[in-house]
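Structure record follows, encoded as structure tokens.
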Amino acid sequence: MRARDVAYAVFTSGSTGEPRPVAVSHHSLAAFGAAMDRLVFSALPASSVVAVNAPLHFDASLQNICLLGAGHSLLVVDEESRTDPERFVALLEEHRAAAVDCTPTHAEALVAAGLLDETRSAPGFLVLGGEAVPDRLWWALAKSRLSAVNVYGPTEFTVNATARPIDDDRSVPTIGRPLAGCRVDILDPSGRPAPPGFPGEIHLSGPQTALGYTGHPGRTAERFRPAPGGMRRYATGDLGRWRADGEIEFLGRADRQVKLHGYRLELDEIEAVLRSTPGVRDAAVAVLGPDGAAPHLAAFLVTDGDGVTDRARERMLDRLPGYAVPAALHVRESLPVTASGKLDRRALAVPSLPDPVRREESRRTPTEESLAALWEELLRTPVETADADFFALGGNSLVFATLLRDISRRHGVRLSAHTAFRARTLTAMAAAVDALRRRTPSESEGSLVVPLAAGDGVPLICFHPLGGSLLGYAPLAGLLPPGQAVWGVRSPGIAGADAEPADVDELVRRYADALLTAVDAPELALFGWSLGGLIAVAMAAEIERRGARRVRFVELWDCGLGTADAYTDRQLTELAREAAGAADAPSEDRMKQIMATQTGLFRTWSPVTVRAPLHVVYAGQSLRQGLVTRTAWGDFTTAGSSESVVETDHHGLVALPAVSEAATGLLGRLNAITPSHGRKGER
């Protein structure tokens, strides 16, 4: 027998459901056993009893079976005990098992059955794996007398690849660091290493790499790829990111990222928010469309009592963007699990589900009724809940502009552009309309700087593109996490405050005066698309010159120096006519004057070098068609720069679906400089 011979083959279905046998060599199995010994099992007392919970046809059982070679004995857990938590805990106590393995879902049931009770003889070691560890379980284990460890790894890498001891009740769950001899690379879609804090696909290499899929050479070549140094690297399909402390945060399966109504959703993030709700013991989220209905998000909850669904919905509305809030909440006694103890997500997709939770029609105000009818007419979809989000139902900035015009005709009020960011739900929009009908003055009327979203941490400042309005940023605003403070800077012509600036010097002086007066924060992050990107760079230099604030970074989308004037007089007229239809826009003639002035502002402008890093995102079509000149923006910063290209056109860059890809870097940078408490997706 040679080290590279097959030690075993185990079937795995992967994300496609097609069974494939994964062949693992003796060399890989031995490397895995040595790594687990070094991690945890070397601390076992001599001749210990080790419980084997995973069924013997699952590769997770091997981490305990390997201990036979160290003189330990095995307690193979029978099926009846495995499915009865109280019987399982009693079995461990009866045989004085020193170690046991299980999934987090199973562990929660064992903890509820008394596994951690001080009066019982509990195992000294617990190995968790197979799925993400909920916060509450992590904290409970960290405070217990057990030595628990969270492991992560796919079948294709011989069971486990990384590990993190659960020994700090102040930390958030992670999958830790690579096991001895293992290498982890987190790569972006281009195959480049993702910087710390940025998400990417987890790739694994080292002696534990499996031989491949027996009888599936094409699939083997697709997932087991050449790596530097002549090694092979397995592409897991899992998403993760490096933290500043060198640990890896698991972000779920790449194929758990779904797309609904043009929005990309991370179902694991939604589930994490639900599980953090007091009274929710477990939760799962799926995209369902029963009986031919339109697909919608549905949440399945295991709760401790009545009233929990209302708290869960409130928490989601507080921590998630509207489009990520499930339309239906279903309470179950338990969630279905597979034979290996993992959540059976396929069993969630059952027919004849109850209708989505609806607000009683009698409880809707007349304004809500009127707006719901407008929404349904424009979006061609039912508006079933009062907290429905316009953009989550398929709206975009163009449809929103039509909606605002219809509201103006029907209700006699004009909602401003920045209201679009703050009143996206039916209830909020109706309240805004009612307030305007009562002639409640806007606190930001006439202001260049307007609040778009309240929050803590480093505010994101969005500078207007050509035309001066902020309405085009609505899809981007929907991607920003709750708790992210956002301010918008619109042009004087749109704000109705004064004439447009005559040159860049006047612009940065007036904008900086207004911004630094309105936003009381020691640090700022600046963003702009098109003309707004150039304004953002110029404003960074002015803010740094004044020394009043620190600019953490500047994000500029699809703009460059020396770009030729792409608009003829006729094109400018057409643009002005289209822009004049927005609710906050002046007349068509005035709009054309504003645009003509703005297009000439930066024609001969040269940036001043700034201390803040510059990050640029281009639209591929803009570069190929010469509409935007690729610029060496790194020459204008002392702090470094980055560049990425998204395959779309200039206007598509800030519209769905391309804006989701374009915003990846921006979201990562905001997350890296903002405290994690209360932020979406933090575990």
Q) Of (1) in contact (Cβ under 8 Å) with a residue 60 or more places away in the chain; (2) in contact with a strand residue (DSSP E or B) (Cβ under 9 Å, 6 or more places away or on another chain); (3) β-branched (Val, Ile, Thr), Val608 satisfies all except one. Which? A) (2)
Q: Please specify each residue of the stretch 482-501 satisfying the condition of being without any contact (Cβ under 8 Å) to a residue 60 or more places away in the chain and over 30 Å from Met316 (Cα atoms).
A: Pro492, Ala495, Ala497, Asp498, Ala499
Q. Filter the stretch 298-317 for residues that are assigned to a strand (DSSP E or B) and buried (at least 20 other Cβ atoms within 10 Å of the Cβ); which is modelled with the lowest pLDDT?
A. Ala298
Q. Is there a residue being under 24 Å from Ile494 (Cβ atoms) and touching a Cys at 6+ places or on another chain (Cβ under 9 Å) anywhere in the stretch 597-620?
A. yes
Q) Among the residues of the stretch 214-223, is there at least one that is buried (at least 17 other Cβ atoms within 10 Å of the Cβ) and touching a helix residue (DSSP H, G or I) at 6+ places or on another chain (Cβ under 6 Å)? A) no
**Q.** Failed criterion for Gly488 (all others in (1) buried (at least 19 other Cβ atoms within 10 Å of the Cβ); (2) not in a strand (DSSP E or B) hold)
**A.** (2)
Q. So which residues in the stretch 517-556 are of a type in the set (A, V, I, L, M, F, W, C) and over 18 Å from Leu601 (Cα atoms)?
A. Ala518, Val519, Ala521, Leu524, Ala525, Leu526, Phe527, Ile543, Ala548, Val551, Phe553, Val554
Q | Hits in the stretch 498-509 - residues which are surrounded by 17 or more Cβ atoms within 10 Å (Cβ to Cβ) and either hydroxyl-bearing (Ser, Thr, Tyr) or modelled with pLDDT of 90 or more (or both) | A | Val504, Leu507, Val508
Q) Which residue pairs have Cβ atoms closer than 8 Å, lie 6 or more positions apart in sequence or on different chains, and pair a first residue in the stretch 19-32 that is under 15 Å from Gly212 (Cβ atoms) with a second residue that is small (Gly, Ala, Ser) and buried (at least 21 other Cβ atoms within 10 Å of the Cβ)? A) Val22/Ala210; Val22/Gly212; Ala23/Ala210; Ala23/Gly212; Val24/Ala210; Ser25/Ala210; Ser28/Ala210
Q. Hey, any hits in the stretch 269-285 for a residue that's basic (Lys, Arg) and more than 25 Å from Val302 (Cβ to Cβ)?
A. no
Q. When you go through (1) at pLDDT below 85; (2) in a helix (DSSP H, G or I); (3) within 33 Å of the chain's Cα centre (by Cα) one by one for Glu80, which number turns out not to apply?
A. (3)
Q) Counting just the residues of the stretch 211-242 that are of a type in the set (A, V, I, L, M, F, W, C) and in contact (Cβ under 8 Å) with a residue 12 or more places away in the chain, which one comes out nearest to Ala254 (Cα to Cα)? A) Leu239
Q.
Tell me yes or no: at least one residue of the stretch 168-175 is among the basic types (Lys, Arg), without any contact (Cβ under 8 Å) to a residue 60 or more places away in the chain and touching a helix residue (DSSP H, G or I) at 6+ places or on another chain (Cβ under 9 Å).
A. yes
Q) Here are some conditions: (1) part of a strand (DSSP E or B); (2) of a type outside the set (Val, Ile, Thr); (3) modelled with pLDDT under 90. Ala284 meets all but one. Which one does it not meet? A) (3)
Q: For Ala521, state whether it is under 16 Å from Pro451 (Cβ atoms), surrounded by fewer than 19 Cβ atoms within 10 Å (Cβ to Cβ) and touching a residue at least 24 places away in the same chain (Cβ under 8 Å).
A: yes
Q) Conditions: (1) within 14 Å of Asn160 (Cβ to Cβ); (2) at pLDDT 95 or above. Cys66 meets all but one. Number of the miss? A) (2)
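The values are calculated or read from the model by the stated rules, or taken from the named source; none is laboratory data. What you are looking at is a predicted structure, and each value in this text was computed from that prediction instead of being measured. Note that we place each Cβ from the backbone using ideal geometry, even for glycine, and neighbour counts take in every protein chain shown.
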